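Working notes, beginning with the structure itself.
Just so it is clear, none of the values below were taken in a lab; they were calculated from the coordinates. What you see is a predicted model; the values in this text were computed from it and never measured. Cβ atoms come from the backbone with ideal geometry, glycine included; neighbour counts cover every protein chain shown.
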There are 2 protein chains.
Amino acid sequence: MNSNTCFIMPSTGTLKKSETTRSRILETAERLFSKRGFRAMTLRDVTVDAGVNLAAVNYHFGSKDALMRAVIKHRVQPINKERLRRLDQLIIDYAPEPVPLEKIFDALLRPLFEKATGSPHNRGLIRMMGRAISEPTDFMHRMHKEVFSDLTQRFLTELQRTCPQLSRDQLQYRLFFVIDTMIGTLVGQVFLDTISNGELKFSDHERMLQELLDFVTAGFRQHETKA
Amino acid sequence: MNSNTCFIMPSTGTLKKSETTRSRILETAERLFSKRGFRAMTLRDVTVDAGVNLAAVNYHFGSKDALMRAVIKHRVQPINKERLRRLDQLIIDYAPEPVPLEKIFDALLRPLFEKATGSPHNRGLIRMMGRAISEPTDFMHRMHKEVFSDLTQRFLTELQRTCPQLSRDQLQYRLFFVIDTMIGTLVGQVFLDTISNGELKFSDHERMLQELLDFVTAGFRQHETKA
DNA sequence: TTAATTTTCGAACAGTTGTTTGACTAGACC
DNA sequence: GGTCTAGTCAAACAACTGTTCGAAAATTAA
């Protein structure tokens, strides 16, 4: 059934068999996790689908928990790096002026949505992020801090420069809501169907991203334009 | 361990033992589901915690799926009814004028947040809603349509009256984002800690709701104030 | 009271879970 | 060649899953 043989090729050229096994597991785990969540994704599903032996997971990763940690880090870290890279570039571009609000949020949201519209290899990433964020497992909670703490602090600092009139509380609440809107967009995709009776498609990422950016930017700067 | 003996008393007065069993299961299932999600919530956890026999679940509800359906309906339907009741009242109050945007969103968001701040019996409701919405299970998806389809259509109609200048697409996208922000707020509570370094507490519901309402209202009406 | 019905309960069912084990294979290095 | 290591594999492990069953127990009706 699974004819997907397009693996990540390391720069060394050839690929040891053990590495194809590892990456097959990583890929398949990501896909199944995004579909079913952590508990409902069984190692037998993963290994059968990946065409490897059941014991391979514990051999290469140690445990199911460790496998999931590897999956998340493997996929989320590059996106967060890209987010910070774009933010740094914006700061340089606009220096000594603060970066405009919509540019900051573009740096925060676009990398995720662009990755998701890229190669078929990246399909399902958005759903996976949604699942990862909403998983109630303990080790997922720890992962949140590990993976997102730096990111949010850096963006908070820059938002403060752009909106010096906002209190610390307000900045935090509003960034919280911006991220919430993003999470909700990832997690609650089913609602777009419900609301639009199937007229709007989540797969139209470009349109979605633009509307989303307009929404969160306007929400964040509310009081500037209100009174 | 579980000394919670405060059950829902039916208007008949006395309480048949079978009904206390039923409601104990319902309560405990709600609590554990909100903590762990559907798959990770086992019937043995539920029954042990509720102090009832394992077989009681299948006797009273038929299956685990049916139990979850009962839990959701039991808790979400009253909230949605209250949302629609408030919307209807607003329409009457403002007739023949359209209802102001912030009032519409207040009717949509407040019932949920108020229920959650009420009796201890209602604690954990917010998290349960988050879980229910983000569960990837098939029967949960069907439930979304069942439980939320009417609600979104009614609110969409009213939003169209208030914002006639917005296209159908825009209305749908923006309502989608409003709901997303709400979902994200429920699902991604852990981020408030991460962002504010523990300074802001999710339990400050009143503050949270006010900031949330300001945020989504401003996001929704963006173009009115933009150009 | 007796009889009928509803509800509880312990035990077991069949199936699935993550993990471990030990034999087997292939390649690297001396 | 022989030795060693990394990787694969089938099989089994113990624990846990939702569900079912029949006999007790409790409740209701007559």
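Would you say A:GLN170 is facing chain B (nearest Cβ under 9 Å), farther than 24 Å from A:ALA132 by Cβ and touching a helix residue (DSSP H, G or I) at 6+ places or on another chain (Cβ under 9 Å)? Judged against the criteria, A:GLN170 is a match. Would you confirm whether or not the stretch A:197-214 contains a residue that is facing chain B (nearest Cβ under 8 Å) and in contact with a His (Cβ under 6 Å, 6 or more places away or on another chain)? No, there is no match, as no residue in the stretch A:197-214 is facing chain B (nearest Cβ under 8 Å) and in contact with a His (Cβ under 6 Å, 6 or more places away or on another chain).
Could you go through the stretch B:173-190 and let me know if any residue there is surrounded by fewer than 14 Cβ atoms within 10 Å (Cβ to Cβ), among the polar types (S, T, N, Q) and facing chain A (nearest Cβ under 7 Å).
no
Taking the stretch A:34-62 on its own, how many of its residues are aliphatic (A, V, I, L, M) and closer than 25 Å to A:ILE133 by Cβ? Residues meeting the conditions: 6. For the stretch A:36-71, the set of residues classified as surrounded by 15 or more Cβ atoms within 10 Å (Cβ to Cβ), in a helix (DSSP H, G or I) and within 14 Å of chain B (Cβ to nearest Cβ) consists of A:ARG36, A:ASP45, A:LYS64, A:MET68, listed by residue number.
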